[in-house]
1. Please report the carbon-and-sulfur percent of the accessible area for the chain; probe 1.4 Å, protein heavy atoms only, DNA, RNA and ligands left out.
2. Can you list the residues, at least 5 places off or on another chain, whose amide H is less than 5 Å from the amide H of S136, using H built in the peptide plane?
3. To the nearest 10 degrees, how steep is helix 6-21 against the longest Cα principal axis of the chain, on a 0 to 90 scale?
4. Peptides 477-484, 386-393, 404-411: what's the order by average Cβ count within 10 Å, highest mean first?
5. Testing the spin-label approximation: label points 7 Å from Cα along Cα→Cβ at D93 and D220. State their distance in nm.
6. With Kirkwood's inverse mean 1/r over C-alpha pairs for Rh, give me the Rg to Rh ratio of the chain, two decimals please.
7. Given the peptides 313-321, 234-242, 248-256, 79-87, arrange them by the average over their residues of other C-beta atoms within 10 Å, most packed first.
8. So what are the three principal axis dimensions of segment 181-253 from its Cα atoms, in whole Å, longest to shortest?
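The values are calculated or read from the model by the stated rules, or taken from the named source; none is laboratory data. Here the structure is a predicted model, which means the values were calculated and not measured. Reconstructed Cβ throughout: ideal geometry from the backbone, glycine too, with neighbour counts over all protein chains shown. For the accessible areas, the whole protein counts, side chains as well, though only heavy atoms, and no ligand, DNA or RNA atoms are used. Shrake-Rupley method; radii C 1.70, N 1.55, O 1.52, S 1.80 Å.
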Amino acid sequence: GALLPAAALLAIILLFLSTALTQAAPEAPLGNIVVNTLADQFGADVNSCSLREAILTVNANSNFGGCAGSGGSQTIALGAGAHTLSIGGNGDDTDAIGDLDVTASLSIVGLGPLSTTITASGAFSDRLVHIGPGVSVVISGVRLTGADARDNGFGAAIFTEGHLTLINSVVDNNTSSSTGGGIAVDPLGTALIQSSAITGNLANNAGGGIRAGGPITIMDSTIGDNGFVDADSRGGGISLANNAPLVLIRSVVSGNSAPVRGGGLSLGGGAVTIVDSTIRNNSAPDSGGIILEKGSLVLRNTALISNSATSAAGMRVTNTLATLINSTVSGNIAQAGAGGIAVNTAGGRLYLYNSTIAGNTADAANTGGNGGGLNIQAGSVVSMTNSVLANNVDLGASGDSPDCFGTIHLVAYNHVESTAGCTTTGPATGNVTGSDPNLRALTANGGLTLSHLPNAGSPLIDSGDPTGCADQNGGVLLTDQRGFFRPVNGGSALRCD
């Protein structure tokens with residue numbers, strides 16, 4: 001669960017890219033196959049080249065239908081308009097009927113998602129694109145929309161058993177009869193999603209937007225407003241399984257919902273690292289923003305804000321480890337317990353470093369729930385270092401646990417406004433309890449995410465560890481959540497806030 005140094009994280013991403021983009025491709029001349037018809041056809045007209053025929057041309061390394069002049073080219077160029085799939089059928093991997101079956105490495109390049117669309121006719125009941133094992137496919141400048149995958153449900157827009165790179169594209173308004181309303185990644189597959197949007201998709205099971213059983217990296221993208229058509233599902237935005245790791249960088253997971261748990265993300269896979277991102281306005285009965293049940297999670301420079309649930313509005317950590325560094329948990333509202341974060345089971349662990357949990361609400365329905373900021377089950381471990389827990393609310397009749405419920409280990413240099421309803425342990429070094437930290441409201445204070453800035457005169461200023469604010473590995477954090485250098489006011493030599 002330890003956070004990798006920036007250089008190591010970059011090396012992993014570069015290795016991922018290298019692996020995904022250097023898979024075996026057919027030995028064929030490079031160039032473009034230009035698709036010049038929007039119709040879905042398979043060898044019927046030798047005077048026009050359809051998207052389906054262009055893919056078969058690459059698959060077979062031989063001209064097919066009206067796709068001539070660049071046999072075996074790795075690049076398919078799409079013009080403006082909607083390329084509408086209409087040749088129905090299922091259970092076929094030859095590209096002749098049903099979804100577009102890609103069995104050789106290629107690129108599909110459109111003019112941008114506002115101009116170039118891949119969609120399906122009303123009678124078409126398959127997914128849009130199927131990437132075969134060991135194949136590397138780059139899709140850029142395309143909108144993939146309108147699939148109702150009633151026959152092949154895994155990934156209504158894209159199912160990859162190979163290596164998908166999606167750039168500057170939109171995957172929206174697709175419906176899966178199984179998992180992955182937008183995209184599904186097989187355990188043997190990988191995906192890199194960059195500068196793209198996965199929005200408004202529906203699944204019948206896990207992963208309204210994305211279901212990943214293999215490694216996935218998402219950068220500079222939006223996963224928004226995805227959900228479900230079934231009443232027993234989880235992971236409205238993203239769902240992980242089969243120990244799949246996830247890296248989410250400079251991205252937003254927003255407005256997703258689930259009928260059971262994990263409105264934003266359901267993390268049941270491997271190691272998850274989220275950096276410079278926002279998880280907001282997601283909802284579910286349990287765990288509105290995130291549910292972490294397996295693997296590990298690191299949030300760095302990230303805002304977990306304005307999510308809602310009956311219980312555990314921001315996040316639930318169950319039987320594994322979540323580490324928050326330079327991050328904010330704020331504005332999450334639970335109708336029962338755990339407005340901010342719930343930590344469950346003896347294996348549940350939450351470590352906070354230079355993070356703020358403020359302005360969350362528990363027991364909004366006055367049902368007896370506890371823990372406006374934190375709700376910690378007996379036997380779970382929560383520790384705080386250089387962090388703030390304050391201004392949270394328990395709206396129950398007794399209002400007995402506004403900031404926390406359970407036991408918190410205060411390592412050093414923390415500020416906890418109210419200890420009512422909870423027990424604190426640990427040394428007294430630099431810890432302050434029982435007073436208002438004088439925080440501003442959640443707003444844009446610079447950087448990529450919202451945060452709480454201390455007001456002038458706040459006791460938080462220059463009250464961090466005098467040897468420097470550090471992460472879980474002891475590395476000094478030279479910047480704050482916004483990316484601004486610590487310290488900036490110079491009030492006490494180089495002491496951090």
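1. Working: 9230 of 17080 Å².
Solvent-exposed carbon and sulfur of the chain make up 54 percent of the total.
2. HN-HN under 5 Å from S136: S105, L106, H163.
3. 10
4. The packing order, highest mean first, is 386-393, 404-411, 477-484.
5. It is 3.5 nm.
6. Details: Rg = 24.6 Å, Rh = 23.4 Å.
Rounded to two decimals, Rg/Rh equals 1.05.
7. Working: 313-321: 25.2, 234-242: 28.8, 248-256: 23.4, 79-87: 16.9.
Packing proxy ranking, top to bottom: 234-242, 313-321, 248-256, 79-87.
8. 30, 25, 13
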